[in-house]
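Throughout, read-outs are computed from the coordinates displayed, never taken from laboratory work. For clarity, every value in this text was computed on a predicted model and none was experimentally measured. Cβ placement follows ideal geometry from the backbone for every residue including glycine, while neighbour counts extend to all protein chains displayed.
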Amino acid sequence: MRSQCVANLSWKEFGPQAFNKAKADNKPILLVLTVPWCAHCKDLLENTLSDASVVAMISDNFIPVTVDAERRPDVNDRYGAGGWPTIAYLTPAADLIGQDRYLDAKAMLTKLQSVASNYTTHHDKIREERHELWNHNSDDIATRHSLSQEITENVVDAIYEKFDHRYGGWGSTSKFPHSEAIDFAIVMVAKRQDSRMSEVARLTLDQMQAGAIHDTTDGGFFRFSQTPDWRSPNFEKVLDANAQRLRCYLEAYQLFDNPTYRETAEGIVDWMLKYMVDSETDTFCGSQDADADYYALNQQNRRLRQPPKRDGTIYTNWNSMTISSLLKASVVLDRPELQQRATRALNFLVENLTDGDGTVYHYWDSTYHLPGLLSDQAYLIRALIDVSQHTGNSDLLLPAEAIADMAMERQRSPDGGFFDILQDNSGPGAMRRRNRSILDNAVMAESLVRLSYLSRRREYYDEAIRVLESFTGDYREYGYYVAAYGRAVDLVFYPPLTVTIIGDRETADADALRKASLLTYLPSRIVQILDPKYDPILIERSGYEVGNTPRAYLTVGTTEHGVAESPEELLKRMDDIEAERRRGL
């Protein structure tokens, strides 16, 4: 009976057909936002929304619309209630009336009756109020000031102010790792031996890997813990969270030389390769279900069961994060096959989720969908830069430049920064409003800074400064959540050590210089191989001479710091440069 009731609900996609139907029938929209791994979402669909009375009420009084929040983050950002499931009630014009999280059948029926009755009686007033609210809303107006190093210090203070000195991390109830804050803490330790940030990074990473949030059998991490001691996980595993945590453990192993960090990183990599690879595309699937019964089993008994179901959607931003982290793992763990794996994944993204002119699509499910999300653009530019650094293929800078140019053309805010979506004045309700995410803008700014050094195009650096300046008026409101912004600002005042290797990239000598340049942890580094056969324009822009054998030119910002012709000489020069920089802080 319940499954039949689900089938009897005429679910529609979020789009013109649903809104036209709602307007024609003068009915409010019932928008249900879910994610594929969420147990409460499944319960809502299989029980609450399968109840015969609820189904009848929806069928008679609402236009039901369902949205996968991970496939449509643009919709989730505008109508979501901060978690899943979200039940949102909209006017036919897609203006928000109200929201709920999970409701059982009894509570759902009561709420539906209230919304339907109120809309029937007062729909003209509701529309007028929503219209007035919309007229007072507009794209964000940025308060812009000059950048200063004080921003970095304020972010460091915010990270430490809310830090949990007993269990690590942040939060007194449920706890997410906040990888960006850990990453920024590691940067501060490497730069200036900051004891506070050392405590932040080490205690958090130690407690996480020792807690139940860490799956020591299959590898990888669950998304978050319901308690601050990391011992009560929600059992879903998502790709983006594991990619970010992999980077943290790799960098921490490089910096602190703790072998347990290496073991944890290897476990994450093994989980990715065993459970998350999509064999048809050579990319990585989005998530694994929260199957608590499976994860309660030991290794031997898990082998007797099918692993939790995975969502096979290929996300551009999450795969880009994974590519960047696997490249780092290829060097830190001395596993060159990971570079090949990352390169194959990138090739698929470029060939199938970009159009060649700078448009990037959000996800793939046998075809491409949803162009123009800033998050996809920012992380894909970073992945293109990373693969270029690790392979010596400077041609990968061309699609990175195309993506950057298109974002600057279509999504640049007049007041600085980038909007999260493309402009669509004909879109419904809140979809006409464009937001400026400080996190996505921080990643984009960092990517643009690095791209400017590699492509020798100053306009990208200037754009990055403009982006970062646009958030100087309000970044402090977000506390430790804006660690990525702090890192991007720090890159301006602590410019990258750039290693430019000039020579035949196919030779063993060039490869040895590349490997040496990537081997140790540095808080800010760019590596580029320029081959006279393939990169004459970039070599001309660099002003460097081409020798008989590969050589590495070192610069910090625009200041030259000599030449190295062997891996040993290069490592020593890099160490000397960084030591001198640290003394100057």
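The table that follows gives values for the structure above.
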{"item": "Using a Förster distance of 25 Å, the FRET efficiency for residue 298-residue 232 (Cβ separation, nearest 0.05)", "result": "0.80"}
{"item": "Amide hydrogen neighbours beyond the local backbone of residue 314, cut-off 5 Å, H modeled", "result": "364"}
{"item": "Helix 316-332 axis, angle to the chain major axis (alpha carbon atoms, nearest 10°)", "result": "30 degrees"}
{"item": "Point-to-point label distance, residue 508-residue 351, nm (Cα→Cβ direction, 7 Å offset)", "result": "3.2 nm"}
{"item": "Where labels lie 7 Å past Cα in the beta-carbon direction, separation of residue 408 and residue 493 in nm", "result": "2.6 nm"}
{"item": "Ascending count of other beta-carbon atoms within 10 Å, so fewest first, for 276, 197", "result": "276, 197"}
{"item": "Karplus-derived 3J(HN,Hα), 6.51/-1.76/1.60, for each residue of the stretch 30-37, Hz, glycine and proline x", "result": "9, 9, 10, 9, 9, 10, x, 8"}
{"item": "Ellipticity estimate at 222 nm from DSSP helix runs (n ≥ 4, -39,500 (n - 2.57)) divided over the chain, nearest 500", "result": "-16000 deg cm²/dmol"}
{"item": "Packing rank of 100-112, 27-39, where each peptide gets the mean count of other beta carbons within 10 Å, highest leading", "result": "27-39, 100-112"}
{"item": "Residues in the stretch 512-542 that a label on residue 560 would reach, taking backbone N under 12 Å of a point 7 Å out along Cα→Cβ", "result": "542"}
{"item": "Structure-derived percent of Cα pairs over 37 Å apart - corresponding label in [x] 51; [y] 44; [z] 36", "result": "[z]"}
{"item": "Relative packing of 353-363, 463-473, which averages over residues the other C-beta atoms within 10 Å, highest first", "result": "463-473, 353-363"}
{"item": "Two-site label geometry, residue 165 and residue 478: point separation in nm, points 7 Å out along Cα→Cβ", "result": "2.8 nm"}
{"item": "Gyration tensor verdict on the stretch 405-490 (Cα atoms; rounded if a/c is under 1.5, prolate if a/b is larger than b/c, oblate otherwise)", "result": "oblate"}
{"item": "From phi via Karplus (6.51, -1.76, 1.60), per-residue ³J(HN,Hα) for the stretch 212-227 in Hz, x at Gly/Pro", "result": "6, 5, 9, 8, 7, 8, 8, x, x, 10, 6, 5, 7, 10, 7, 10"}
{"item": "For the stretch 435-449, 3J(HN,Hα) per residue [Karplus equation, 6.51 cos²θ - 1.76 cosθ + 1.60, θ = phi - 60°, Hz, x = Gly/Pro]", "result": "10, 10, 7, 5, 5, 5, 5, 5, 5, 5, 5, 4, 4, 5, 4"}
{"item": "Angle between the chain longest axis and helix 105-136 axis [Cα atoms, degrees, rounded to 10]", "result": "70 degrees"}
{"item": "Cross-link reach list, aspartates and glutamates versus residue 21, counting only Cα pairs under 20 Å and skipping chain neighbours closer than eight places", "result": "13, 60, 95, 124"}
{"item": "Efficiency of FRET between residue 395 and residue 279 - r from beta-carbon atoms, R0 22 angstrom, step 0.05", "result": "0.25"}
{"item": "Amide H partners (placed H, <5 Å) of residue 497, local residues excluded", "result": "524, 525, 526"}
{"item": "Gyration tensor verdict on the stretch 534-585 (Cα atoms; rounded if a/c is under 1.5, prolate if a/b is larger than b/c, oblate otherwise)", "result": "oblate"}
{"item": "Taking 500, 559 and counting other C-beta atoms within 10 Å, the order from fewest to most", "result": "559, 500"}
{"item": "Residues with amide H under 5 Å from that of residue 551, placed H, sequence gap 5 or more", "result": "502"}
{"item": "Using a Förster distance of 35 Å, the FRET efficiency for residue 172-residue 309 (Cβ separation, nearest 0.05)", "result": "0.60"}
{"item": "Shape call, the stretch 2-116: gyration tensor on alpha carbons, a/c limit 1.5", "result": "rounded"}
